[in-house]
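A quick write-up on the structure given underneath.
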Amino acid sequence: MTQTGKPETRFSPYAGLPLPQPSWDNYKFWEYCKAHELRLQKCSGCGELRYYPRPACPECHSMEFEWTKVSGKGTVYSYTIAHHPVLPFFADKVPLPVGVIKLDEGEVYMVGRLMDVDPGDVKIGMPVQVMFEDVAEDITLPQWRRADD
Amino acid sequence: MRGRSPSSDARVWNQRPERATDMRKSLIQDKAAITGIGQTEFSQGLNRSVMDMAAEAIFKAIDDAGLKPEDIDGMSRYHMQDEWENWIHATVGLGEITYYADQPHGGGSYAAVIISAAMGVATGLCNHVIAFRSRARGRKSVFGPGGDQGGRPWEKVEARIPGTMQYFRPFGLMSPVQEMAAIAQRYMHDYGITEEHFSNVAIAIRNHAVRNPLSVMGRRGPISMHEHHESRMIADPIRLLDCCIETDGAVAVVVSSVEAARSLRQPLAVIHTMAQHTQPAHYHLTEWWRFNRDEMALELGRRLFERSEFKPDDIDAVMLYDHFTPMVLLALEDLGFCGRGEGGAFSENGALEGPGGRLPVNTHGGQLSEAFIHGFNNVPEAVRQIRGTSTTQVPGARAVAVSAASSDPTGAFILRGD
């Protein structure tokens, strides 16, 4: 379920969820997520998209890039259903489907939760669409839902 | 330059030009030997500190070699080991340390720990290297505040996650088993690997543990395929009996030059060939398929064997990083014991079980059933096979391959008798 408010961390339903620590290399990515936009680095040298964010292109070695909005469409390339929660935060969320999503744009893989999907329905190849989950004042996580709903 | 998803550009990777260095022997090949092995008791809770266990294993390894602590002048460690060179030195009273090395990547590092020890003695920078790993990670172990001082580090995760783990920890992949599960799921999909194949690994390695009185799980007896399939699902498709155990314990070995080793008390266990390799890692999961790890990993076995007088078929036993059963099948493929995707079929008919199987794997019980010392307990077992003292001894074993984690930047070496 997409949370659109700006929950206070202490009282938030996301208290106890470890959050990303934005850095010089990736803060733009998290800023765009905050604005509910999925933008990835597109190499100005060879045109390859890359995720996670990094300062150079491993394909052509160019350090020039632009933040390009992508379709947010992809398919489940792999997944797991976590049965052991590890952290208390996940205790009421298991069995928890987590996907490795291959974006339609190419060889770009993102890890995210498969939201509102029955664990038994998850299949490799399943089409998914990005959605944004506001989890803290400064952090919005890109998650995934079925595209054929 | 790089392979892509399986079946697309794998050919490009295989066709890239050979590098000149691949064809010549490494300068340290056959120049170093493992001359002493030592370990503590293994248990799910020893109520001892990491340093306490490290000291015992180190003293035992030095004694096994017939040396004195003052003879040790080199040290090789996992960089995840919190106990630094000078702390160890100040605790166990070694000689002046003239060479030291740390290796990254956790379970991927342990072959490199031995390789860098071999470098120290083969190049003359030192005479005898102590290498070790000590862990208090058992269910009933001493719990300290540090990530590696007891308990599960992923349960001590910080509120804000730096580095590449921020791209999957906040999304619910919290621990290695869940990352391995995503890798294993796609591996099954691509190659028709089944949970029967996973159970072949768990059963064979447990049977080895049953013969090893020092193993933690051996005393519980063998497991059946049915028990494996009925065991609790941890992270689909990985079940409880696909997972390594978490234990307390320490292991140490002494590495010496071959010349020095000839005058020491133990039979020669020579570090024959070695290879290290960078490939995508489970903690760098978005790159696992982008960089086609399946093709990249084959480099490890190719480099290990092309410099060797042995071929994969000549290897008598193999010590693999068995943190999770699917990773053992991948490792068999990476090292060239079978083709890509053939690890499951290779594991059939008791092939992995010693002493009579086609290729006995982890004849001590490995990380699955002996103890989880971050792979380092695989090293003394390789030595025991060469010495002829394993509890699942392969008769006349003369070449044993040892490989670190197939899920990480990794390494491997071949140990051979004289």
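Listing for the model above:
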quantity: 222 nm mean residue ellipticity, helices alone, for chain B (DSSP H n ≥ 4; -39,500 (n - 2.57); rounded to 500); calculated: -9000 deg cm²/dmol
quantity: Among B:PRO355, B:PRO153, B:PRO162: highest mean-square fluctuation, GNM of chain B, C-alpha pairs under 10 Å; calculated: B:PRO162
quantity: Summed residue charge, Cβ within 15 Å of B:ILE62's Cβ, Lys/Arg positive, Asp/Glu negative; calculated: -3
quantity: Relative intensity, log₁₀ I(q)/I(0), of the protein assembly as shown from a Debye sum that treats every alpha carbon as a point, q = 0.08 Å⁻¹; calculated: -0.53
quantity: Cβ neighbours within 10 Å from other chains - mean over B:232-245; calculated: 3
quantity: Shape category assigned to the range A:71-149 from the gyration tensor of Cα positions, a/c cut at 1.5; calculated: oblate
quantity: Between the range B:26-50 and the range B:236-303, the alpha-carbon center distance in angstrom; calculated: 14 Å
quantity: Antiparallel content of DSSP bridges confined to the protein assembly as shown, in %, to 5; calculated: 80 percent
quantity: Exposure proxy order (Cβ contacts within 10 Å, fewest to most) of B:TRP289, B:TRP87; calculated: B:TRP87, B:TRP289
quantity: Alpha-carbon centroid distance for the pair the range A:60-85 / the range B:86-111, whole angstrom; calculated: 38 Å
quantity: Taking only Cα atoms of chain A, radius of gyration then Dmax in Å; calculated: 15.9, 46
quantity: Chain B, relative contact order in percent, only Cα pairs under 8 angstrom and at least six apart counted; calculated: 24 percent
quantity: Convex hull volume of the range B:177-259 per residue (C-alpha atoms, cubic angstrom); calculated: 161 Å³
quantity: Added length on full extension, which subtracts the Cα-Cα distance from 0.36 nm per residue, B:GLU96 to B:GLU348; calculated: 85.7 nm
quantity: Unit charges at the beta carbon, dipole of the range A:71-149: most positive-side option, A:LEU103, A:PRO119, A:PHE90; calculated: A:PRO119
quantity: For the range B:184-313: rounded, prolate or oblate by the Cα gyration tensor [a/c cutoff 1.5]; calculated: oblate
quantity: Relative compactness, chain B, computed as alpha-carbon Rg over 2.2 N^0.38 Å; calculated: 0.92
quantity: When each of A:LYS69/A:LYS93; A:LYS102/B:LYS140; B:LYS31/B:LYS68; A:LYS93/A:LYS123 is checked by Cα-Cα distance, pairs over 29 Å; calculated: A:LYS69/A:LYS93; A:LYS102/B:LYS140
quantity: Given chain B, longest segment not containing exposed loop GluC sites (Glu not before Pro) (DSSP; at most 11 other Cβ within 10 Å); calculated: B:159-418
quantity: Gain on full stretching of the segment that runs from A:ALA56 to A:LYS93 - 0.36 nm per residue minus C-alpha separation; calculated: 9.6 nm
quantity: Average beta-carbon neighbours from other chains, 10 Å sphere, peptide B:154-163; calculated: 4
quantity: Antiparallel bridges, percent of DSSP beta bridges restricted to chain B (to nearest 5); calculated: 70 percent
quantity: Nitroxide proxy distance, nm - points 7 Å out along Cα→Cβ at B:ARG160 and B:ASP52; calculated: 3.7 nm
quantity: Neighbour-count order for A:MET63, B:MET80, fewest beta carbons within 10 angstrom listed first; calculated: A:MET63, B:MET80
quantity: Environment charge of B:VAL210, counting only residues whose C-beta is closer than 9 Å and scoring Lys/Arg +1, Asp/Glu -1; calculated: +4
quantity: Cysteines having no other Cys beta carbon under 4.7 Å from their own, within the protein assembly as shown; calculated: A:CYS33, B:CYS126, B:CYS243, B:CYS244, B:CYS338
quantity: Percentage relative contact order, chain A, counting C-alpha pairs under 8 Å, at least six apart; calculated: 27 percent
quantity: Tail beyond 20 Å, pair distance distribution of the range B:334-403 (Cα, percent); calculated: 30 percent
quantity: Cβ-based exposure ranking for A:VAL70, B:VAL50, B:VAL121, in which fewest neighbours within 10 Å come first; calculated: A:VAL70, B:VAL50, B:VAL121
quantity: Residue of B:ASP30, B:ASP73, B:ASP52 that the Gaussian network model of chain B assigns the largest fluctuation, springs spanning Cα pairs under 10 Å; calculated: B:ASP52
quantity: Selection from B:LEU46, B:MET319, B:SER26, by position along the positive dipole direction of chain B (Cβ); calculated: B:SER26
quantity: Relative frequency of Cα-Cα separations exceeding 18 Å in the range A:22-70, percent; calculated: 23 percent
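Readers should treat all values here as calculations from the given coordinates under stated rules, not as data from a laboratory. This is a predicted model, so every value here is computed, not measured. Backbone-built Cβ (ideal geometry, glycine too); neighbour counts: all protein chains shown.
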